[in-house]
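The values are calculated or read from the model by the stated rules, or taken from the named source; none is laboratory data. Please read all numbers here as calculations on a predicted model, not as lab measurements. Methodologically, a virtual Cβ is constructed for each residue, glycine included, from the backbone with ideal geometry; neighbour enumeration extends over all protein chains shown. Please note that ligands, DNA and RNA were not included when accessible areas were found on the heavy atoms of the full protein model with its side chains. Shrake-Rupley method; radii C 1.70, N 1.55, O 1.52, S 1.80 Å.
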Amino acid sequence: MYSRKNQRDLTRTEKKRLVDAILELKRTGRYDDFVTQHRQYYVTDAQSGPRPAHMTPSFFPWHRRYLLEFERALRAVDSRVSIPYWDWTRDGTASASLWAEDFLGGNGRPGDRQVMTGPFAYRRGNWRIRAGVTDDAFLRRNFGRPSAPVALPVAADVERALRDPVYDAAPWNSVSTTGFRNRIEGWGIRGGRGVANHNRVHRWIGGSMAGAASPDDPVFWLHHAFIDLLWARWQKAHPRSRYLPARALPAEDPQRGRIFTLDQPMPPWDVPPSRLMDHTRYYRYV
Ligand SMILES: [Cu+2]
């Protein structure tokens with residue numbers, strides 16, 4: 001049992017340990033394996049095949065397990081390290097300490113959006129993108145997307161999602177209009193509301209964070225730790241609510257075989273969502 005802290009509370013030493021562990025995984029190639037895995041499981045509902053990670057009820061448990069695997073790799077490098085969380089409703093500016101020289105570095109420069117500061121700047125020599133969706137070898141960020149501005153979600157957006165007592169709803173994909181899962185995952189509805197919460201944060205950062213290879217930007221882990229914390233908060237707020245769908249879908253349901261019910265094992269670990277409901281077996285949020 002270990003703790004995951006708010007990134008704003010990390011000491012200088014804790015930040016350095018985390019950065020050093022990430023750089024070590026990058027050096028050995030392990031880091032890029034995680035990026036490749038995320039790309040592999042980034043199956044949209046417009047594609048065919050099983051969809052364990054995105055646009056799907058198992059968005060939360062799949063990413064919980066994915067983060068646990070990454071955290072295990074980090075802790076094999078330095079057992080004092082865990083994944084901190086970034087509460088973007090609180091630290092939502094480009095000048096937040098998260099983006100400082102001693103932590104994740106800042107925004108990309110105008111033009112090619114290349115990140116020039118911090119330990120993950122290409123010019124520092126330790127962060128070459130190998131598993132990206134573009135050919136660029138450097139980390140890119142484009143805070144707020146000035147060409148078509150997008151703002152970070154605010155606390156009220158998160159509160160609204162947390163109030164929904166139903167975990168997820170048919171058709172169990174990116175067009176579900178109710179349910180905690182898509183209110184947080186945040187797929188917009190055509191002609192309706194824009195992208196929300198989780199997706200909006202990916203979009204606000206932009207650059208490398210905007211696509212299927214988003215773990216190329218180390219902030220991915222801090223963002224998803226907060227998403228994981230929001231799931232835990234929702235569970236606490238609605239103790240009688242359950243993961244849905246709890247039972248196998250009827251044979252005629254188009255999502256049958258594509259999404260994962262409570263007890264259906266998810267690839268690549270063959271672990272069902274039911275085994276990932278209680279994070280306190282592994283860590284707690286402080
Ligand atoms: Cu994400």
Open item on the list: For segment 228-273: of the residues being among the charged types (D, E, K, R), open to solvent by less than 70 Å² (accessible area, probe 1.4 Å) and in a loop (DSSP other than H, G, I, E, B), which is nearest to Ile184 (Cα to Cα)?
Closed with: Arg258
Open item on the list: Let me confirm something: among Ala148, Ala170, which residue is hydrophobic (A, V, I, L, M, F, W, C), within 23 Å of Trp88 (Cβ to Cβ) and open to solvent by 20 Å² or more (accessible area, probe 1.4 Å)?
Closed with: Ala148
TODO: Go through the residues of segment 152-160 one by one and say whether even a single one is within 16 Å of the ligand (Cβ to nearest atom) and of a type in the set (Val, Ile, Thr).
DONE: yes
TODO: Would you mind finding the one in Leu104, Leu74 that is open to solvent by less than 10 Å² (accessible area, probe 1.4 Å), touching a Leu at 6+ places or on another chain (Cβ under 8 Å), more than 30 Å from Ala248 (Cβ to Cβ) and assigned to a loop (DSSP other than H, G, I, E, B)?
DONE: Leu104
- [ ] Name every residue in segment 181-227 that is open to solvent by less than 30 Å² (accessible area, probe 1.4 Å) and aromatic (Phe, Trp, Tyr), in order of residue number.
- [x] Trp204, Phe220, Trp221, Phe226
Task: Number of the condition not met by Gly92 [criteria: (1) assigned to a helix (DSSP H, G or I); (2) open to solvent by 20 Å² or more (accessible area, probe 1.4 Å)] - done: (1)
- [ ] Evaluate segment 227-242: report whether one residue or more is among the small types (Gly, Ala, Ser), on the phi < 0 side of the Ramachandran plot and either in contact with a Ser or Thr (Cβ under 6 Å, 6 or more places away or on another chain) or within 16 Å of the ligand (Cβ to nearest atom) (or both).
- [x] no
TODO: From Thr134, Thr178, grab the single residue that is of a type in the set (Ser, Thr, Tyr), open to solvent by 10 Å² or more (accessible area, probe 1.4 Å) and out of contact with any Asp or Glu (no Cβ under 8 Å at 6 or more places or on another chain).
DONE: Thr134
- [ ] Of the numbered conditions (1) on the phi < 0 side of the Ramachandran plot; (2) open to solvent by 10 Å² or more (accessible area, probe 1.4 Å); (3) touching a residue at least 40 places away in the same chain (Cβ under 8 Å); (4) away from the ligand (no atom under 16 Å from the Cβ), Leu276 fails exactly one; give the number of that condition.
- [x] (2)
Open item on the list: Need the failing condition index for Val201 against (1) more than 25 Å from Tyr243 (Cα to Cα); (2) touching a Phe, Trp or Tyr at 6+ places or on another chain (Cβ under 7 Å); (3) of a type in the set (A, V, I, L, M); (4) within 15 Å of the ligand (Cβ to nearest atom), just the number.
Closed with: (1)
Task: Residue that is away from the ligand (no atom under 16 Å from the Cβ) and more than 11 Å from the chain's Cα centre (by Cα), where the choices are Val175, Val195 - done: Val175
- [ ] Please work out if Gly188 is under 30 Å from Pro149 (Cα atoms), among the small types (Gly, Ala, Ser), part of a loop (DSSP other than H, G, I, E, B) and out of contact with any Asp or Glu (no Cβ under 8 Å at 6 or more places or on another chain).
- [x] yes
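Listed residues Ala53, Ala46; which is of a type in the set (A, V, I, L, M, F, W, C), assigned to a loop (DSSP other than H, G, I, E, B) and within 19 Å of the chain's Cα centre (by Cα)? It would help to see each step written out before you state the result.
Details: Ala46 fails: within 19 Å of the chain's Cα centre (by Cα).
After ruling out the rest, the residue left standing is Ala53.
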